[in-house]
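The values are calculated or read from the model by the stated rules, or taken from the named source; none is laboratory data. Since the model is a prediction, treat every value here as computed from it, not as a measurement. Cβ atoms come from the backbone with ideal geometry, glycine included; neighbour counts cover every protein chain shown. The area values use the complete protein model at the heavy-atom level, side chains included, leaving out ligands, DNA and RNA. Shrake-Rupley method; radii C 1.70, N 1.55, O 1.52, S 1.80 Å.
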Amino acid sequence: MSAQQKDALVVFQPSGHKGRFPIGTPLLDAARDLGVYVESVCGGRGICGKCQVSVAEGNFAKFNIDSREAALSEKGFKEQRYEEKRGLDIGHRLSCSATLQGDVVLEIPDAFKAAGQTIRKDADTIGMVRKPAVRLYYVEVEQPDMHNPLGDADRLCKAVSEQFGLGKITVAHRLKSGLQKLLRKSDWQVTVAIHNPDLCPEIVSIWPGYSENVSGLAVDIGSTTIAAHLTDLMSGEILASAGVANPQIRFGEDLMSRVSYVMMNDNGQQNLTKSVVDAVNKLIDQLLETAQRNRNELLDSVFVANPVMHHLFLGWDPTEIGQAPFALVQSEAVHCSASDIGLNLAEGASVYLLPLIAGHVGADAAAVMLAQHPETEPHPTLVVDVGTNAEIALWDGNQLLAASSPTGPAFEGAETSCGQRAAPGAIERIRIDRDTLKTRYKIIGPEEWSDHPDFEEKSKVTGVTGICGSGIIEIIGEMVLAGILATDGIIRAPQNEAEEAVLKPNGRTWSFIVREGTPHIEVTQNDVRAIQLAKAALYAGVKLLMQKSGITKVGEIRLAGAFGSYIDPAYAMLLGLVPDCEVDKVTAVGNAAGQGALIALLDVNARERIEQTVHEVTKIETALEADFQDLFVAAMGLPNSVDEFALTREHFKMPEFTPPDSGGESGRPRRRGRNRSR
């Protein structure tokens, strides 16, 4: 810390909330000022230990912070006493005691988050074909005698092959040392698990007697969220599902920030790899405990991820993906053992990762295609997996095109002053009264809206904590419809008493007040810009694919992903997030990437199908396309400064579109006719 430094920048992850505070400010006070909820049952006395935080060490280029433990004060009496009596994990600090001494990035450990993130990545296996890569076979093995010199392993393979019509079978080497004792103890009756029985059958596990318990794991590793499903491979039933925020967020909210972290920090790649593998292992432990299943039965797994997450999960350096020509270590599907990458599955368990489509179009996009198969539709169909990195697939009637757009974390509640991830207490729906400009909203949790008499009582459990992605989309759309936000994204100065009550000066710009009180929630000009940038990146990617295919409209739009599943389709078009379309033709399809992972887990033939499909896809790298920038600039308009969006305008009864070269306002909502009062 410089001798002249009087304040310091603190960033709380995973929320991304940040601010400057005087040197010596307790971390708990800084968190509360920034709206970061850190629990403190004992009121900051250093007794409960629930306010723990940890320093995310490393160079964070996005924040211009070299984050180190030295940025916090040394442990004082309260922390020393707590550590002696109850213990503190290495790197953990009590935020009620530790004070700010320099710029730092802090993380709230999972065990101390007051309200866990709502992982909205549901899945089911209804209607899926069940032909898994690992199958069980119960056999009775012929006992040895003097006239049959075959070894026990050979006779086991012979029995399975003859009884089930399989080809040449092998036994995993690690099983052979205990095979003879197991066969004799089980009276020569065993159940074997065979991997890939149709092609190169190998016995990977053996149980005495009869067993029908074998499970598999399907995991979608997103930039923001990791969602996992433990599945019974015999029945196809999902036994348990769980999700967690991707711990890599503390190293960078978007993909390029994480690539930058790898490039700028020694052991950067190893740190990122360890964090995601550890998170997956914790999910595995949680799923097995919930389902009351044994680890030694968990023999197969399928993972999907974007290219950067894919490489980091496998322990590969993603640096080359961060620069043209975006070279991948391997684009074909990956087959390896769980032990190769440090996963705590059964001994001998297999791992399969779907193929990557291009440098920035990943296995998650392939999984979406596998789940949605848009190429079977008779009309042009668009599938968009909306997240930190949006995956786009377009079927134009003749070919399947795919691209990816770097939307960033704004849709996940980051990069906005009022934003947060979807969790209890977050505003998820909102409306503005056209006359009074007052808002009413619904939070995650209670069913009542804020203008309902029971809302205050029902919302006491969680309180109102911020605005999640679906709510942010709606509030900006409502501001456009109410006439206080121009279609170029500028919050206008108030022109009458009603507007003066809700529009407050914020430097040279204006902010819209959503909620007075604690917490105070407002939408700033910077918030609007963050959403404009994110939605423009997505729409420009979609428009680029449409240009490449020569189509001007689509017949159906499917919104996938945790965020895409909960936004109102009409408001998605009002913002220009997706192309103009009949509202009833825009549907949410849930976590399509996770569904694709489940399909590949339960049906080995589906793996072959998607590998073939990926070879046939027309890949578009948006970063290399000359038209992308022009499309991006046009898409900054609300809904767009060039495209008409006639169906959307009709749906919301907006003014007709005025082309930008006509000297009009490009379809800005008309202002109310009252005079400004001052």
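Observations
- Scan of segment 513-527 for residues that are within 12 Å of Leu503 (Cα to Cα), assigned to a strand (DSSP E or B) and open to solvent by less than 40 Å² (accessible area, probe 1.4 Å), ordered by number: Ile513, Val514, Val523
- Verdict on Thr552 being among the polar types (S, T, N, Q), surrounded by fewer than 21 Cβ atoms within 10 Å (Cβ to Cβ), out of contact with any strand residue (DSSP E or B) (no Cβ under 7 Å at 6 or more places or on another chain) and farther than 18 Å from Glu391 by Cα: yes
- Subset of segment 431-460 that is within 26 Å of the chain's Cα centre (by Cα) and part of a loop (DSSP other than H, G, I, E, B) - its residue that is nearest to Ala572 (Cα to Cα): Ile444
- Qualifying residue in segment 245-253 (condition: open to solvent by 20 Å² or more (accessible area, probe 1.4 Å), closer than 21 Å to Gly16 by Cβ, touching a helix residue (DSSP H, G or I) at 6+ places or on another chain (Cβ under 6 Å) and not in a strand (DSSP E or B)): yes
- Considering residues of segment 177-201 that are more than 16 Å from Asp154 (Cβ to Cβ) and in contact with an Asp or Glu (Cβ under 6 Å, 6 or more places away or on another chain) only, the residue most open to solvent (accessible area, probe 1.4 Å): Gln189
- Residue match in segment 528-542 (condition: open to solvent by less than 30 Å² (accessible area, probe 1.4 Å) and over 20 Å from Ala410 (Cα atoms)): no
- Among the residues making up segment 284-301, those that are among the hydrophobic types (A, V, I, L, M, F, W, C), in contact (Cβ under 8 Å) with a residue 60 or more places away in the chain and farther than 12 Å from Ala227 by Cα are Ala291, Leu298, Leu299.
- Pick from segment 374-391, criterion more than 18 Å from the chain's Cα centre (by Cα) and over 19 Å from Met128 (Cβ atoms), ranking: surrounded by the most Cβ atoms within 10 Å (Cβ to Cβ): Leu382
- Test for Gln547: is it over 24 Å from Ala486 (Cβ atoms) and either in a helix (DSSP H, G or I) or open to solvent by less than 10 Å² (accessible area, probe 1.4 Å) (or both): yes
A quick yes/no check of all residues on (1) over 26 Å from Leu601 (Cβ atoms); (2) part of a strand (DSSP E or B); (3) touching a Ser or Thr at 6+ places or on another chain (Cβ under 8 Å):
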| position | (1), (2), (3) |
| --- | --- |
| Leu175 | no, no, yes |
| Gly178 | yes, no, no |
| Arg184 | yes, no, no |
| Asp187 | yes, no, no |
| Val190 | no, yes, no |
| Ser205 | no, yes, no |
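- Every residue from segment 605-631 that is in contact with a Lys or Arg (Cβ under 9 Å, 6 or more places away or on another chain) and open to solvent by 40 Å² or more (accessible area, probe 1.4 Å): Asn605, Thr618, Glu625, Asp627
- Residue under evaluation Pro446, criteria (1) without any contact (Cβ under 8 Å) to a residue 24 or more places away in the chain; (2) open to solvent by 40 Å² or more (accessible area, probe 1.4 Å), criterion not met: (2)
- Asn265 in contact with a helix residue (DSSP H, G or I) (Cβ under 8 Å, 6 or more places away or on another chain), open to solvent by less than 40 Å² (accessible area, probe 1.4 Å) and either within 30 Å of Ala606 (Cβ to Cβ) or free of Cβ contacts under 8 Å to residues at least 40 places away in the same chain (or both): no
- Pair list, Cβ under 8 Å, 6 or more apart: segment 338-357 residue at positive phi, other residue modelled with pLDDT under 95 and not charged (D, E, K, R): none
- Here Cys96 fits the description: part of a loop (DSSP other than H, G, I, E, B), modelled with pLDDT of 90 or more and over 21 Å from Val244 (Cα atoms).
- Test: residue in segment 486-505 that is of a type in the set (Lys, Arg), touching a Ser or Thr at 6+ places or on another chain (Cβ under 7 Å), open to solvent by 10 Å² or more (accessible area, probe 1.4 Å) and without any contact (Cβ under 8 Å) to a residue 40 or more places away in the chain: yes
- Looking across segment 374-416 at every residue that is small (Gly, Ala, Ser) and not in a strand (DSSP E or B), the one that is nearest to Ile467 (Cα to Cα) is identified as Gly413.
- Output for segment 13-30, where each listed residue is assigned to a strand (DSSP E or B) and touching a helix residue (DSSP H, G or I) at 6+ places or on another chain (Cβ under 6 Å): Gln13, Phe21
- None of Met546, Met573 is of a type in the set (A, V, I, L, M, F, W, C) and more than 19 Å from Arg429 (Cβ to Cβ) except Met546.
- Among the residues making up segment 131-157, a single one is at pLDDT 95 or above and open to solvent by 70 Å² or more (accessible area, probe 1.4 Å): Asp154.
- Check on Asn281, touching a residue at least 60 places away in the same chain (Cβ under 8 Å) and either closer than 24 Å to Leu217 by Cβ or among the polar types (S, T, N, Q) (or both): yes
- For Ile108, the criteria (1) at pLDDT below 90; (2) at negative phi; (3) open to solvent by 30 Å² or more (accessible area, probe 1.4 Å); (4) out of contact with any Ser or Thr (no Cβ under 7 Å at 6 or more places or on another chain) hold in every case but one, which is (3).
- First in segment 145-156 and over 18 Å from Lys181 (Cβ atoms) and without any contact (Cβ under 8 Å) to a residue 60 or more places away in the chain, second anywhere and of a type in the set (Asp, Glu) and open to solvent by 90 Å² or more (accessible area, probe 1.4 Å), Cβ under 8 Å, 6 or more apart: Asn148/Glu142
- Identity of the residue in segment 632-653, more than 27 Å from the chain's Cα centre (by Cα) and hydrophobic (A, V, I, L, M, F, W, C), that ends up most open to solvent (accessible area, probe 1.4 Å): Val642
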